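What follows is a single structure, written as structure tokens, with notes after it.
The values are calculated or read from the model by the stated rules, or taken from the named source; none is laboratory data. If you're wondering where the values come from, they're calculated on a predicted model, not measured in any experiment. We place every Cβ from the backbone using ideal geometry, glycine too, and count neighbours over all the protein chains shown.
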Amino acid sequence: MNKMIIDCDPGHDDALAILVACSEKHIFDIKGVGTVGGNHHVERITDNARLILQTIEEKIPLFQGCHKPLQRELEVQPHAHGDSGMDGLAEIPEIIYPVEEKHAVEAYRDILKTHKDVTIAALGPLTNIAMLLHLYPEVKSSIQCISLMGGGIHHGNITPYAEFNIYADPEAAKMVFSSGVPIIMSGLDVTEKAYLEWKDIEPLKDCGAVGFFSHELLKFYHESGKQFGFDVSALHDICAVAVISRPDLFTWEDLHVEISCEGITRGMTCADRRLKPSREGKVRVVMDVDQKAFAAYVLDCIRSYERK
Ligand code: BDR
Ligand code: CA
């Protein structure tokens, strides 16, 4: 069993990543879900997370985390995820899923004081994780790895050079990447190849309540992706979960990666890919995925809710 914390900012692909992780009961033991300001303000993000967990009838404790990046103002992403941060649902039920009182950073500390070998799946800006490592460095030894969605070796999305999660809080990313904790980085190199096509999404509407929920979210996300030139739905955040549950689907390189915090390259994940790099590659950078197998896996996870 992989003990796991999910730190997220749902977000359509965060929602799907949570669905995938929570469907894998024999692989993941999810100790807590925390939210962070990113795609939207944290209060809204927390409500989105409540709705996701309520829809799949989970009982995992949910914690609200940091409102804003360490040193910057939050720049939300309504163009990608809509005004609610998770648009597309025709009917939203009353949200009753509870939020714990503890701040996410304190909750993560407590989980890591109780459990060893915990994987943190980080699906949004790295603010909560940087705070955790800064305030409570003693918990580092309990973290098996931080599997994060962020960055990209070859290109960005929010700027030509930077991916949104790293760009949003580059100072936090810098702290995390230099922390010494093992990192698996699923950046745009792989996440843009981890997609569903419309022909995959369409039939989900007849696959029970969770299939229907996924279909509505993915329908919006699929349309929204077109403004950025995509005709498929890249499910970025799922990679940070699936690389743990299905490593056989992915390939990677171990590289030295540094974060740029300023100027035109703000948020860039700068990797040393020379044949003889001057520093040992300690970040596992996921580069490729078997798209067909990935899509089949994701669809199977969604459909598994109907069988429960
Ligand atoms: C990342 O940004 C967010 O909009 C997505 O949820 C994902 O985590 C992709 O750049
Ligand atoms: Ca996200």
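Each residue in segment 144-172 was checked for being within 15 Å of ligand 2 (Cβ to nearest atom) and under 23 Å from Lys3 (Cα atoms), and 5 pass. Of all residues in segment 263-296, those satisfying the criterion of being within 30 Å of Cys207 (Cβ to Cβ) and crowded, with 18+ Cβ neighbours inside 10 Å are Val286, Val289, Phe294, Ala295. Among the residues making up segment 215-251, those that are over 18 Å from the mean Cα position of the chain (by Cα) and outside any helix (DSSP H, G or I) are Gly229, Phe230, Asp231, Val232, Thr251. Total residues in segment 197-214 satisfying the condition of being assigned to a helix (DSSP H, G or I), of a type in the set (A, V, I, L, M, F, W, C) and over 21 Å from the mean Cα position of the chain (by Cα): the figure is 4. Scanning segment 154-182 for residues that are buried (at least 23 other Cβ atoms within 10 Å of the Cβ) and not in a helix (DSSP H, G or I) yields Ala162, Glu163, Asp169. When Thr35 is tested against (1) buried (at least 18 other Cβ atoms within 10 Å of the Cβ); (2) at pLDDT below 95; (3) β-branched (Val, Ile, Thr), just one condition goes unmet, and that condition is (2). Considering the conditions (1) among the hydroxyl-bearing types (Ser, Thr, Tyr); (2) under 13 Å from Leu299 (Cβ atoms); (3) out of contact with any helix residue (DSSP H, G or I) (no Cβ under 6 Å at 6 or more places or on another chain), Ser214 is excluded by exactly one of them, (3).
Does any residue of segment 112-122 turn out to be outside any helix (DSSP H, G or I), touching a Phe, Trp or Tyr at 6+ places or on another chain (Cβ under 8 Å) and within 16 Å of ligand 1 (Cβ to nearest atom)?
First, the residues of segment 112-122 that are outside any helix (DSSP H, G or I): 115-122.
Applying the additional criterion that residues be touching a Phe, Trp or Tyr at 6+ places or on another chain (Cβ under 8 Å) yields 120.
Remaining after also requiring within 16 Å of ligand 1 (Cβ to nearest atom): 120.
Yes, the conditions are met somewhere in segment 112-122.
Let's see how each residue does on (1) at negative phi; (2) touching a helix residue (DSSP H, G or I) at 6+ places or on another chain (Cβ under 8 Å):
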| site | (1), (2) |
| --- | --- |
| Ile6 | yes, yes |
| Gly11 | no, yes |
| Val20 | yes, yes |
| Ile27 | yes, yes |
| Val42 | yes, no |
| Ile45 | yes, no |
| Leu53 | yes, yes |
| Ile60 | yes, yes |
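Do the conditions hold for Arg72, that is, is it of a type in the set (D, E, K, R) and more than 25 Å from Leu135 (Cβ to Cβ)?
Values: of a type in the set (D, E, K, R): yes; more than 25 Å from Leu135 (Cβ to Cβ): no.
Against the criterion (of a type in the set (D, E, K, R) and more than 25 Å from Leu135 (Cβ to Cβ)), Arg72 does not qualify.
Confirm whether Asp13 is within 11 Å of ligand 1 (Cβ to nearest atom), under 28 Å from Val232 (Cα atoms), part of a helix (DSSP H, G or I) and among the acidic types (Asp, Glu). Working first, answer last.
Numbers: within 11 Å of ligand 1 (Cβ to nearest atom): yes; under 28 Å from Val232 (Cα atoms): yes; part of a helix (DSSP H, G or I): yes; among the acidic types (Asp, Glu): yes.
Taking the combined requirement at face value, the residue satisfies it.
Cβ-Cβ distances below 7 Å connect the following pairs, each with a first residue in segment 9-23 that is among the charged types (D, E, K, R), a second residue that is part of a helix (DSSP H, G or I) and more than 8 Å from ligand 1 (Cβ to nearest atom), and a separation of six or more residues or different chains: Asp9/Ile45; Asp13/Ile238. Just one residue in the set Ala107, Ala80 is more than 14 Å from ligand 2 (Cβ to nearest atom) and either under 23 Å from Val241 (Cα atoms) or touching a Gly at 6+ places or on another chain (Cβ under 6 Å) (or both); that residue is Ala107. Kindly indicate the residue of segment 30-39 that is within 11 Å of ligand 1 (Cβ to nearest atom) and in contact with a Leu (Cβ under 9 Å, 6 or more places away or on another chain) and also farthest from Asp7 (Cα to Cα) among those meeting that condition. Ranking the candidates gives Gly38 first. Counting only residues that are among the polar types (S, T, N, Q) and modelled with pLDDT under 95, segment 253-301 holds 1 of them.
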